Amino acid sequence: MAKKKLRVGLIGYGFMGRTHANAYKSVGNFFESGHEPELTAVCARDGTRAKAFAEQWGVKSVETDWRKIVARDDIDLIDIASPNDTHEEIAIAAANAGKMVACEKPLGRNAAESRAMVAAVEKAGVANMVWYNYRRVPAVTLAKQLIDEGRLGRIFHYRAKFLQDWTIASDLPQGGEGLWRLDKQVAGSGVTGDLLAHCIDTAMWLNGAIDSVSGMTETFIKERVHNVKGGVQKVTIDDASAFLARFANGSLATFEATRYARGHKALYTLEINGEHASIFWDLHDLHRLEFFDHKDEGRTRGWRSVHITDGDHPYMDRWWVPGLQIGYEHTFIHQVADFLKGLDEGKPAAPTFRDALATDLVTDAVLKSAETGRWERVA
Ligand SMILES: NC(=O)c1ccc[n+]([C@@H]2O[C@H](COP(=O)([O-])OP(=O)(O)OC[C@H]3O[C@@H](n4cnc5c(N)ncnc54)[C@H](O)[C@@H]3O)[C@@H](O)[C@H]2O)c1
């Protein structure tokens with residue numbers, strides 16, 4: 001049967017533009033679907049660089065104004081892989097034009113923006129998805145299966161951290177290409193929206209809603225040269241952010257993210273302790289799930305390190321042979337595969353815009369708590 005084309009208009013050719021383009025190009029080689037993505041257009045403000053990207057990745061056309069891509073009638077899906085300050089306007093325009101929308105995380109710079117985006121896609125009735133790709137690491141998906149099967153029993157603790165070290169130098173400027181994450185106007189917040197958002201999305205997927213939080217943030221370097229505004233400007237993002245949380249299911253949690261953990265580049269770890277079993281996962285070793293099951297026979301009971309490469313592990317029957325692992329880029333391929341499956345079946349693919357709004361409500365509460373010094377309920 002002829003496949004239905006899914007004509008993608010990709011906005012942004014940076015880090016995420018590349019992971020998404022790779023996913024659209026690869027997915028059909030490994031996953032079956034009635035839909036076939038086509039890289040129809042890429043948009044970025046620098047036409048020469050966008051053209052070079054299009055040539056490298058086989059994208060059919062180039063635009064330098066996202067409004068033109070949104071207006072084109074040969075595009076089905078607008079995929080937003082540009083900085084956070086562009087998400088709301090592009091997503092709402094795309095939904096109003098009747099396009100499906102995929103958006104990078106965080107959905108908005110704050111929950112108010114995300115709410116408007118949810119309203120737009122739901123009013124238009126268009127398929128939508130947010131790229132919280134860590135859900136699609138096979139080991140993390142397996143953790144979800146084990147929790148849903150009740151293998152951990154009642155959950156007591158959730159512990160997550162996401163550590164980096166790339167902004168420690170005090171002479172690093174803020175703003176502009178490659179450094180927009182240090183500019184609050186563009187990013188919305190610092191590590192809270194950038195790194196903790198990932199931890200929160202995974203946490204709520206695995207362990208349910210978060211009720212209340214108590215947060216603290218710090219900006220270690222108070223002033224930096226601003227690449228766009230010029231001169232030395234106050235830094236207004238959070239360099240580090242940590243919070244305590246209570247989940248609706250009664251479990252307690254700690255979350256931490258920073259760009260000041262010397263030696264760590266992208267150390268995302270999570271640990272869950274339940275009455276029967278515990279789980280630990282580490283992005284630097286993403287194909288392993290550490291599992292402790294108290295029901296094991298006592299003399300040999302201990303933490304096992306499960307190599308997630310077998311055909312009965314999530315997604316792995318589509319890849320190589322048992323023992324051979326996959327990596328980071330595959331999480332994006334899995335996300336596209338799940339989106340296409342959703343289109344085949346007429347069902348939304350999680351996380352939807354509404355799911356991602358839930359994360360922004362938590363990050364808003366964390367930032368508010370850091371300001372008030374009090375526990376805050378998640379709206
Ligand atoms: N899912 C993840 O793990 C993950 C990882 C990194 C980044 N992100 C998110 O992806 C988004 C992009 O981040 P990145 O690291 O790829 O950034 P990047 O700086 O590498 O690339 C941004 C791209 O957006 C383009 N751009 C900027 N403003 C634009 C505009 N007005 N119109 C069209 N194009 C524009 C730039 O030219 C560039 O191509 C952000 O929202 C970020 O939070 C998600």
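Bear in mind these aren't lab numbers, they're just calculated from the coordinates by the rules spelled out. Remember, predicted model here, so these are calculated numbers, not experimental data. Cβ sites come from the backbone with ideal geometry, for glycine too, and all protein chains shown count toward neighbours.
In nm, what is the difference between 0.36 nm times the number of residues separating D148 and E297 and their Cα-Cα distance?
My answer for the length gained is 51.3 nm.
Scale the Cα Rg of the range 137-377 by the rule-of-thumb value 2.2 N^0.38 Å and send over the ratio, two decimals. Don't skip to the end; give the middle numbers.
Working: Rg = 19.5 Å, N = 241, 2.2 N^0.38 = 17.7 Å.
Here the Cα radius of gyration is 1.10 times the empirical estimate.
Take every DSSP beta bridge whose two residues both sit in the chain, then give the antiparallel share in percent to the nearest 5.
Working: 41 of 71 bridges.
The antiparallel proportion sits near 60 percent.
Rounded, prolate or oblate, given the Cα gyration tensor of the range 282-379, with a/c below 1.5 counting as rounded?
Numbers: a/c = 2.54, a/b = 1.28, b/c = 1.99.
Oblate shape, in that a/c is at least 1.5 and b/c is the bigger or equal ratio.
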task: Please list, in chain and number order, the residues 5+ apart from K5 or on another chain whose amide H is under 5 Å from its amide H, with Hs placed from the backbone.
output: E36
message: Quick query: amide H of V42 versus all other amide H atoms, modeled in the peptide plane; which residues come in under 5 Å with a sequence gap of 5 or more or a different chain?
response: L10, S61, V62, E63
query: For labels at E89 and M1 in the simple 7 Å Cα→Cβ model, what's the distance in nm?
result: 4.1 nm
task: Report ³J(HN,Hα) in whole Hz for each residue of the range 154-166, in order, from the Karplus equation J = 6.51 cos²θ - 1.76 cosθ + 1.60 where θ = phi - 60°; Gly and Pro get x.
output: 5, 8, 9, 9, 10, 9, 9, 8, 9, 10, 9, 9, 8
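Charges only on Cβ, +1 for Lys and Arg, -1 for Asp and Glu: so what's the dipole of the chain about the Cα centre, in debye to the nearest 20?
Details: 47 positive and 51 negative charges, 56 e Å.
Computed about the Cα centre, the dipole is about 260 debye.
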Amide H contacts under 5 Å for T219, placed H, 5+ residues apart: D239
- line: Lys pairs in the range 137-377 with Cα under 16 Å (8 or more apart in sequence, or on separate chains) total 6
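Could you give the length gained by full extension between W320 and A209, i.e. 0.36 nm per residue of separation minus their alpha carbon distance, to one decimal place? Working shown, then result.
On the way: separation 111, 0.36 × 111 = 39.96 nm, distance 3.57 nm.
Result: 36.4 nm gained on full extension.
Subtracting the Cα-Cα distance from 0.36 nm times the residue separation, let me have the gained length for Y328 to A266 in nm, one decimal.
21.1 nm
Loop-only chymotrypsin sites (Phe, Trp or Tyr not before Pro) in the range 254-353, please: DSSP not H, G, I, E or B, and at most 14 other Cβ atoms within 10 Å. Please report the intermediate quantities before stating the final value.
Working: sites: F255, Y260, Y268, F280, W281, F291, F292, W303, Y315, W319, W320, Y328, F332, F339, F353; in loops: Y260, W303, Y315, W319, W320.
In loop regions of the range 254-353 (DSSP not H, G, I, E or B), the sparsely surrounded chymotrypsin sites (Phe, Trp or Tyr not before Pro) are W303, W320.
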message: For the pair L172/K341, report the inter-label distance in nm, with labels modelled 7 Å from Cα in the Cβ direction.
response: 3.7 nm
